[in-house]
Structures are given as C-alpha cells and as structure tokens.
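Here is the structure we will look at, set down as structure tokens.
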Amino acid sequence: SQTIHQWPATLVQPVGSPLSLECTVEGTSNPNLYWYRQAAGRGLQLLFYSVGIGQISSEVPQNLSASRPQDRQFILSSKKLLLSDSGFYLCAWSAPSSGANVLTFGAGSRLTVL
Amino acid sequence: GESVGLHLPTLSVQEGDNSIINCAYSNSASDYFIWYKQESGKGPQFIIDIRSNMDKRQGQRVTVLLNKTVKHLSLQIAATQPGDSAVYFCAERRFNNAGNMLTFGGGTRLMVKP
C-alpha cells in the first residue's frame, strides 16, 4: 500500500531563518507531488506541484521554493522565513492515472515563524 | 484569487439529522468537482467526486449534487454522526499545461451535536 510521510510535524522558526520540509511517498512510482499551505481557519493554497524529477511548477510567487531530487521525494525550502510563512503545510501525492481528483495528503507540518 | 467558495463557514447539526454543505464555483471550465474532509490536525481526505456532466452522485451516506446553471455544488450527509465532525472542502479540477490541478474552497466546519 502507498504511504506518505511528512516531517517535521511541528517547528518554530525565527524570522530570517531557513526552512526545509521533507515529504516522501512509498509504494508507488512516478507520483504527482504537491505542496499546499493552509493558513489558520482558511482553505488550501497550492504552492508547488511536480510531475517528475526536477520538474517543479509554482502557483504563486513567494519566498519559498521546492525541489524533487528523487522520484518520491519532495522538499519545500526557504532561505529566509517571513512572518507570513506561518501556517500548516501539507504534502500530497496523486497517481497520474487518477487525474488528480484523489489526492492523498500527509499529516502536515505546522510552522510558526516568530 | 479563489474561484471556489462556500456559503457558510460553520454548520451545526444534531446527531442523526441530515447535513447539507454548500459550495459555489465560478470556473465553468472545471471538469470535476470534489469533496474532501479534514479532521482536526490531519490532512484532508477524499470523500467523493462528480464529473461536470452529472447532476448527482451517491456514495455511502453522502450525496453530491451539482447545479451547473447556478454554479452550485452541495454535499449531503445522511444521518450525521459525531465522526462526521470536521472541515469540509470543495475543490474543482482544472487542466493546465502540467496536468490536472485542484483548487480548493475556504472550507465549512461541520459540528455534530450529540
């Protein structure tokens, strides 16, 4: 069966510090991968998606970046965090054959920037 | 900006009653509409989807209705149970040059009273 792992689950970072969130998927090959952000009490905002190794598309301009160094690994990074980067970050994957209707989300990473 | 939104941010229902969660959309080009459920502290989970050429689709205790004339989508939950308490998101699927993407609405919190 397929599983998705996301870490760390919680982190508190000072403004201006770097960020690295990791996500890995097991049990599938060539998944579509996504990073979403959810602000407190709000909906889900798509940040990045990837359909293959090294292929990253960004939905919104921001000081975050994403990388996909391996088929089932997706990393969200920042060189200098802003207060507005606080939120709940969710990694998700979908099988290309599913048409992206069925996203399987990780448990999320809650980031607080102080 | 978001093209998918919700009428009510919070819905409170009595256990055993039916729940109706509504969603409005603006993108007529979307070919699928999907409902997700997010329990506290977890990532969203797929519930049910409906293709844009359908008006109704039923699942286990859930029914999704699509009214393309007024661009309205609803999720009906029969015999609501305490375990149904969660935030519900509607999403629409759109196609871009990287494949199919989901755009999520702001979410409705369903609270089930015992």
Subject >> Residues of type lysines that B:Lys71 reaches as a straight line, Cα spacing below 16 Å, ignoring anything fewer than 8 places off in the same chain >> reply: B:Lys56
Original post:
Quick one: which bits of segment A:74-103 get at least 50 Å² less accessible when the partner protein chains are in, versus the chain alone, with a 1.4 Å probe?
Top reply: A:Asn101
**OP:** At a Cα cut-off below 14 Å, give the aspartates and glutamates reachable from B:Lys113, other chains included and same-chain residues fewer than 8 away excluded.
**Re:** B:Glu15, B:Asp17, B:Asp84
**OP:** Provide the per residue accessible area, probe 1.4 Å, for chain A, rounded to a whole number of square angstrom.
**Re:** 45 Å²
**OP:** Could you point to the residue in B:Gly59, B:Leu110, B:Ala24 farthest towards the positive end of segment B:4-113's charge dipole, with +1 and -1 charges on the Cβ of Lys/Arg and Asp/Glu respectively?
**Re:** B:Ala24
**OP:** Measure out, as a whole number of angstrom, how far apart the alpha-carbon centroids of segment A:1-17 and segment B:72-114 sit.
**Re:** 24 Å
Original post:
Once phi is turned into θ = phi - 60°, what whole-Hz ³J(HN,Hα) does the Karplus curve with 6.51, -1.76 and 1.60 give for every residue of segment A:8-24, x standing for Gly and Pro?
Top reply: x, 6, 9, 8, 10, 10, x, 4, x, 7, x, 9, 8, 10, 10, 9, 10
Subject >> Percent accessible area from carbon and sulfur atoms, the protein assembly as shown, protein chains only, probe 1.4 Å >> reply: 50 percent
Subject >> Only Lys, Arg (+1) and Asp, Glu (-1) charged, at Cβ; segment A:3-113 dipole about Cα centre in debye >> reply: 220 debye
Original post:
Relative contact order for chain B using alpha-carbon pairs under 8 Å, separation at least 6, rounded to a whole percent?
Top reply: 37 percent
Original post:
Once you put a point 7 Å from the Cα of B:Lys113 and another 7 Å from the Cα of A:Gln2, both along the Cβ direction, what distance in nm separates them?
Top reply: 4.1 nm
Subject >> Average accessible area per residue (Å²) across segment B:33-96 - probe 1.4 Å, nucleic acids and ligands excluded >> reply: 48 Å²
Subject >> Cβ charges +1 (Lys, Arg) and -1 (Asp, Glu), total dipole of segment B:4-113, debye >> reply: 160 debye
Original post:
What is chain B by shape, rounded, prolate or oblate, if you read a ≥ b ≥ c off the alpha carbon gyration tensor as root eigenvalues and call it rounded for a/c under 1.5, prolate for a/b larger than b/c, and oblate otherwise?
Top reply: prolate
Subject >> 5 angstrom amide H check on A:Gln13, placed H, neighbours 5+ away >> reply: A:Thr112, A:Val113, A:Leu114
Original post:
Using +1 on the beta carbon of Lys and Arg, -1 on that of Asp and Glu, and nothing else charged, what's the dipole of the protein assembly as shown about the Cα centre, debye to 20?
Top reply: 180 debye
Original post:
So if we plug the beta-carbon distance of A:Ala107 and B:Ala29 into 1/(1 + (r/R0)^6) with R0 = 35 Å, what FRET efficiency do we get, rounded to 0.05?
Top reply: 0.60
**OP:** Between beta-carbons, use under 11 Å as the cut-off and find the net charge around B:Val64, counting Lys and Arg +1, Asp and Glu -1.
**Re:** +1
**OP:** Compute for chains A and B the buried accessible surface, both sides summed, probe 1.4 Å, and express it in Å² to the nearest 100.
**Re:** 1600 Å²
**OP:** Add +1 for every Lys or Arg and -1 for every Asp or Glu among the other residues with Cβ under 15 Å from the Cβ of A:Pro96, and state the total.
**Re:** +2
Original post:
How big is the antiparallel share of DSSP beta bridges in the protein assembly as shown, given as a percent to the nearest 5?
Top reply: 90 percent
**OP:** Quick one: which residues, 5+ away or cross-chain, put their amide H under 5 Å from the amide H of A:Gly108? H built at 1.01 Å from N.
**Re:** A:Cys91
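The values are calculated or read from the model by the stated rules, or taken from the named source; none is laboratory data. On a predicted model such as this, the values are computed, not experimentally measured, just so you know. Heads up, the Cβs are rebuilt from the backbone with ideal geometry, glycines too, and the neighbour counts pull from every protein chain shown. Only protein heavy atoms, including side chains, enter the accessible area calculation; ligands, DNA and RNA are left aside. Shrake-Rupley method; radii C 1.70, N 1.55, O 1.52, S 1.80 Å.
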